[in-house]
Amino acid sequence: MKIRPVSIRQPLRPKIPTFHHKPQIQAFQIKPQIKSFHTARVQKAEVYEHAFEPKTNSNFPTKAFEINQRSTPAETRKLSSYLMTGAMVSGFAVGVKNGAIDFVSSMSASADVLAMANVEIDLSNIPEGATQTFKYRGKPLFVRHRTAEEINIARQTALADLKDPQKDEDRAQKPEWLLVLGVCTHLGCVPLPNVGDYNGWFCPCHGSHYDTSGRIRKGPAPLNLEVPDYSFLTDDKVIVGMKPTPQ
């Protein structure tokens, strides 16, 4: 028995063509085209420039409009402009001023409200040498019936010895009656009457001493006790909050 050799067929491979020379690709000649296009745009621009050139017409009646020209000099026109501007600014300033005055006046108390805030005090109930406390517009009010000795001491005090110089005659309309607000001028505490180094008022908060005229004599307080507006209706009645009538 003979054995035949078996031949194995290999798969066919596609043949790839080979080139003996490289293909040459010619470049497009666009430079002349660009040059010609640029030349065309320049020519069109020149045409547009000529199209928008102003055309003068010598037959147009320009002299007919000369009657509307101003004959006044420039200085006069400037002066009138300045005057008009100044008048407008002045009017605006006056309006602002009046508006501010009306606004502030509306915030202040009216006459009837102030009349209700006045306090009428009967002095006949205060004995000599005593001090009574009343309430005046939310603040304590001291009314002191001074003795003759207290009046003499207050009026003999030299002004050079006072921190806030003020005569006793300027603080009391009548020598025997002294009216001051009970608020310490240092930090607003209420002083105690008929005590202290000068037998006037003493503030226990920081140690301010006032004399019988309500003037600061010792301590950190910078000013005297405030004297409110008051007017005597009779010898025994006084109204606080009303200025005295001139005699």
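Structural remarks
- For Trp177, the residues 5 or more places off, or on other chains, whose built amide H falls under 5 Å of its own are Arg146.
- Dipole of the range 186-246 [Lys/Arg +1, Asp/Glu -1 at C-beta], most positive-end residue of Leu223, Asn199, Met242: Leu223
- Distances between every pair of Cα atoms in the range 101-247, grouped in 5 Å steps from 0 to the bin holding the largest one, split as 2, 9, 19, 21, 19, 14, 9, 5, 2, 1, 0 percent.
- The stretch between Lys163 and Ile239 holds 24.4 nm of extra length on full extension. This uses 0.36 nm per residue minus the Cα-Cα distance.
- Taking every C-alpha pair closer than 8 Å and separated by at least 6 residues, the mean separation divided by the residue count of the range 98-238 gives a relative contact order of 20 percent.
- Phi angles across the range 86-93 convert, under the Karplus curve 6.51 cos²θ - 1.76 cosθ + 1.60 with θ = phi - 60°, into 3J(HN,Hα) values of x, 5, 5, 5, 5, x, 5, 5 Hz, Gly and Pro given as x.
- Flagged links, alpha-carbon separation over 18 Å, of Lys139/Lys163; Lys139/Lys237; Lys139/Lys174; Lys163/Lys218: Lys139/Lys163; Lys139/Lys237; Lys139/Lys174
- With a Förster radius of 51 Å applied to the C-beta separation of Glu120 and Lys97, the computed FRET efficiency comes to 0.85.
Laboratory data are not the source of any read-out in this text; all were calculated from the coordinates shown. Worth saying up front: this structure is predicted, and the values here are computed from it rather than measured. All Cβ positions, even for glycine, are placed from backbone atoms using ideal geometry, and neighbour counts span all protein chains on display.
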